[in-house]
Amino acid sequence: QVKLVESGGGLVQAGGSLRLSCAASGTIFSINTMGWYRQAPGKQRDLVATITSGGNTNYADSVKGRFTISRDNAKNTVYLQMNSLKPEDTAVYYCNANLKTTWWRNEYDYWGQGNQVTVSS
């Protein structure tokens, strides 16, 4: 069984910073891409940023230059440093890991429980 446990959300004023963490645990053979997605009320879940096992990153245009994704492969953990936060960044943030539980199985997407980030104006 695989679990993704998130931490670090909360309430912050516009212009402030938050750091999200997400640790994957359980039966894990390998992790390919890890990432962060967010869902605002009444909207679909959108990509925020992803990072491959080799460190290649991809960001949504709306967060480029403000957010930084990183990962610690030894700890199966992904981070999201969020700076210069805006009210429109308010959402539930979900971490994602595309991983194999054993070498003969296909990769599968796992999700964290979601973490509320609220940015006040």
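The values are calculated or read from the model by the stated rules, or taken from the named source; none is laboratory data. Quantities reported herein were computed from a predicted structural model and do not represent experimental measurements. Neighbour counts run over all protein chains shown; Cβ positions are idealised from the backbone, glycine included. The area values use the complete protein model at the heavy-atom level, side chains included, leaving out ligands, DNA and RNA. Shrake-Rupley method; radii C 1.70, N 1.55, O 1.52, S 1.80 Å.
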Problem set entry | Residue list for the stretch 67-96, filter: open to solvent by less than 50 Å² (accessible area, probe 1.4 Å) and closer than 22 Å to LYS43 by Cα | PHE67, LEU80, MET82, LEU85, ASP89, THR90, ALA91, VAL92, TYR93, TYR94, CYS95, ASN96
Exercise. If you check every pair at least six apart or on different chains, which have Cβ atoms under 8 Å apart with a residue in the stretch 69-82 that is assigned to a helix (DSSP H, G or I) first and a residue that is open to solvent by less than 50 Å² (accessible area, probe 1.4 Å) second?
Worked result: ASN73/ILE31; LYS75/ALA23
Exercise. What single numbered condition from (1) surrounded by fewer than 11 Cβ atoms within 10 Å (Cβ to Cβ); (2) at pLDDT 95 or above fails to hold for THR102?
Worked result: (2)
For this session: Working only within the stretch 1-49, note down all residues that are without any contact (Cβ under 8 Å) to a residue 24 or more places away in the chain and either on the phi > 0 side of the Ramachandran plot or crowded, with 19+ Cβ neighbours inside 10 Å (or both).
Result: GLY42
Problem set entry | Considering residues of the stretch 28-52 that are outside any strand (DSSP E or B) and either of a type in the set (A, V, I, L, M, F, W, C) or at pLDDT 95 or above (or both) only, the residue nearest to THR90 (Cα to Cα) | ALA40
Seminar exercise, completed: Taking first residues from the stretch 85-103 that are closer than 15 Å to GLY26 by Cβ and second residues anywhere that are of a type in the set (Asp, Glu) and at pLDDT below 95, the pairs with Cβ under 8 Å that are 6 or more apart or on different chains are ASN98/GLU107; LEU99/GLU107; LYS100/GLU107
